[in-house]
1. Here are some residues: B:Ser389, B:Ser381. Which one is in a helix (DSSP H, G or I), of a type in the set (Ser, Thr, Tyr) and within 14 Å of chain A (Cβ to nearest Cβ)?
2. Just a yes or no: is a residue in segment B:174-195 out of contact with any helix residue (DSSP H, G or I) (no Cβ under 8 Å at 6 or more places or on another chain), away from chain A (no Cβ under 14 Å) and surrounded by fewer than 16 Cβ atoms within 10 Å (Cβ to Cβ)?
3. Within segment B:470-492, can you find the residues that are more than 14 Å from chain A (Cβ to nearest Cβ), of a type in the set (Val, Ile, Thr) and out of contact with any Leu (no Cβ under 8 Å at 6 or more places or on another chain)?
4. Would you call A:Phe262 in contact with a Pro (Cβ under 9 Å, 6 or more places away or on another chain) and within 14 Å of chain B (Cβ to nearest Cβ)?
5. Taking the criterion of being surrounded by fewer than 18 Cβ atoms within 10 Å (Cβ to Cβ), closer than 28 Å to B:Arg289 by Cα and among the hydrophobic types (A, V, I, L, M, F, W, C), would at least one residue in segment B:344-365 satisfy it?
6. Which one is surrounded by the fewest Cβ atoms within 10 Å (Cβ to Cβ) among residues in segment B:131-172 that are in a loop (DSSP other than H, G, I, E, B) and within 14 Å of chain A (Cβ to nearest Cβ)?
7. Tally time: how many residues in segment B:32-54 are under 21 Å from B:Gly436 (Cα atoms) and hydroxyl-bearing (Ser, Thr, Tyr)?
8. Going through segment A:305-351 one residue at a time, which ones are within 14 Å of another protein chain (Cβ to nearest Cβ) and within 25 Å of A:Pro204 (Cα to Cα)?
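The values are calculated or read from the model by the stated rules, or taken from the named source; none is laboratory data. No experiment lies behind these values; they were computed from the predicted model shown. Here the Cβ is made from the backbone with ideal geometry for all residues, glycine too, and neighbour counts use every protein chain on show.
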Amino acid sequence: MSRELHPEDIGDLCLGAAYFGAGGGGDVHFYRLIAERAIRRWGPVPLVRPEEIPEDALVVDVGESGSPIVGLEHLPPENHGVELLRRYERFLGRKVTHLIACELGGANSVVPLVVAAACRLPVIDGDGMGRAFPESQMMTFPIYGVAPTPAACTDFLGNVVYFETSDAHEYERETRALVTVMGGSLLAMDHPMTAAQVRETAVPGTLTLAQSVGRTLREHRGGADTLAPALAAHLHGTAYGAVVPLYTGKVERVSRRTEGGFDVGEVMLRAFEGAAPPLRIALRNEFLVAWLGDTVVATTPDLITMVEQESCQPITSERIRYGQRVSVIGIGAPRHYLTERGLRVVSPRNMGFDLDYRPLAQE
Amino acid sequence: MRLGIDVGGTNTDVVALDHGRVTLCRKVPTSADIEGGVRQALQTVFHRDRVSAADVDAVIIGTTQFLNAIVQRRGLARVGIIRAGAPTGTSLPPMTDWPEDLVQAIGGKAEMIRGGHRYDGRELGPLDRAELDRAIDRLAAAGIRNIVVSAVHSPVNPVHEEEMAAQVRRRLPECAVSPSHELGGLGLLERENAALLNAALADIAPRVLASFGTVLTELGVHCPYFLCANDGTTLNLQSVARHPVLTFASGPTNSMRGAAFLSGVSNAIVIDIGGTTTDVGVLRNGFPRLSNTVVEVGGVRVGFRMPDVLSIALGGGSLVQNAGHAIGPLSVGYRLIEEALVFGGSVLTATDVAVAAGAAGVGDRSRVAHLDASLIDSALSRIGVMLDSAIDRMRTSEQSVPLVLVGGGSILVRRPFASVGEVITPPNADVANAVGAAVAQVAGEAEQVFVSRILTEEGDAALEELTARASRAAARRGAAAATLRVVDVEHIHLSYTAPPMTRVRVKVVGDIDLAAGPLADSANRPRSTAT
């Protein structure tokens, strides 16, 4: 076993995960507290690298979906996921051996830790996106052939629904509809996988990476202008591509509206001085495309990340405000998304933009 | 006439407002016991300025005493909380993210029982009455006399909180009970936090009110008096006794309300420069813009909205170092009149630079005659950059807005600003805080979650009902009913709800009802909340 996650690891992990969320994932304050408390109560959570997973393992993705406003009142029970796991195992007819996160960014990076602590299961050091995206068919697991079902989900009162759907899109549609019926928040276990499937499909090492990047963001001095080399050092040799500073400037305009359950809009940045053209970023929960003047400089699935210029704190899309001084840094997407199969799901064209994926330009 | 009093960290200011004009203002040092300074300020007005106590219609006091009690963990009552909502929320019990010393200071005991509601107002489960009785027994056995009751989604449906409160009152008639929905909207933990801090002030609130009452009575003032609230409005004594937390942010709010009144401008950026810090805020329709993010008080996130104020470490006492390239964050603070060069001290402060530049006529200018011109220039430029950057961060658009300068430190400003239009330094700018207190009105709020379709079809009726509720709340706080007007209507759509739901919040504001009766009238006395 390589290592364990302790309560004091969670703060940096959440900070780093918020960064990799590329604008998405939402506020993680409550889940940070819940995870710290769960680990203090039930003990540290073992973290297992994909290559260490035993061959007879059964790995399951666990995550929550729900309305952020409902989430202000409707918080999880203390033994979150314990009963769901018992019922899900009965449905599968097998014992689950490991849990894995569906995405990096926001609450879902730590939900597996909360559930794993209460269920006394280890968690895989990796996840199904290596960033945040709004829908479950955008995860690397289904892209590379892992069926989302059999799956089971529960509200926070113990009601359970089981799924066997034809494909990932159908699963996404059904869970989304269920959220509203089941009180606004639900916890799901899905994408049951073998060790080989995890090694083939998951973005590896991302929890450890989030923690080290989180520590760097917390400790880094000298502003975001000098952040890129520190990030590159962490990302070197991982599934991610190059780190490319894109822009430093001031938020000059934010427009945002809710559309079909998504936060949709645009952010415009202006350079502090000089004649550099403005940077425009389109968002749909996450930052998806960036234009410098009229030129596309970054597109999904590459990560468009934003930090406050002085403090290096990651900025999620709902926290952007006029006048903020920010740095925008591009990170090459995990290689899983850059194949034909990956781009078929998460390219800009598939996310509603009239343009094709364009890799980050490296200086 | 009305008297507005601001109890600041250094000075207690008093202004008289007569027929909409500031007729006099006085400053005295703040006393350790607060009411001593207030007494002295009023005595000055009555004796030196020959104002007759009988001519005073209302006294409005802005004080941060309750905030300071929380921040300094001083004189806090022991508090317990019973939350209905289990099994949901048991992962995050009340006070989970509080500083440990504050939990200790209030001896915080938390109980979680079944009950609470969903976002659409349906029960999560029935309220567990047997568990409720056992929880009450345990808190009583621990000697707790102040109990907060909270329930999941109580702002949508308060019936469980109301039933819990009634049961606590029945079982423990000597206890004070605070239902959380009286102190916040959606956001369970923040709402509980506000209610817990509020309950912790249960012992101090009546003491503070009684001591102000005694001072006024001694000086022959028999008109009603009020305290200032977070949003630039006033609270009558019953409201303060019940909800002392609502006074927490009155300081910055009053300076902005005072700036609006003195300048006659209702949409502006306001800069209040003090001895150690500068507060930058935004006036919108005469009221401070409120923060959209969660605010912290004494290390605790609270649910109510506070003015959106950016504080930077720049003031008249800020240390000037590095040949004028570094200003602050250290400051000589209230020791300015001993330590600054122009006052015969040995520390180079921002005030010295302003005096040397001829921008201010305080102290002895000859003591800064030796300062290098380039140092003065660098320091003033640096101050300009700090203020410009702060102003810029508070703006919401490129549009040029006027800037109102208040506070004693406004001498530091070398105009013009790169980032704003007109700069206004109104008369009496150094007592804007007390003016803000004097002009305060009374507000009431109501909020409810509706099925969005109902708002489309019968939105007017729904709004009318909410406005009526907000107006009743304002009347309870001492507003004259005929003067009430709606100042804010807010719609927030809740995602993932079926049928789609919308939360609507209405705020009304009106004038103080001066016919409410004299101070001696028992109706205007604080209710005793503790024995």
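1. B:Ser389
2. yes
3. B:Thr483, B:Val486, B:Val487
4. yes
5. For segment B:344-365, residues surrounded by fewer than 18 Cβ atoms within 10 Å (Cβ to Cβ), closer than 28 Å to B:Arg289 by Cα and among the hydrophobic types (A, V, I, L, M, F, W, C): absent.
6. B:Pro158
7. Final tally of qualifying residues: 1.
8. Those that are within 14 Å of another protein chain (Cβ to nearest Cβ) and within 25 Å of A:Pro204 (Cα to Cα): A:Gln313, A:Ile315, A:Thr316.
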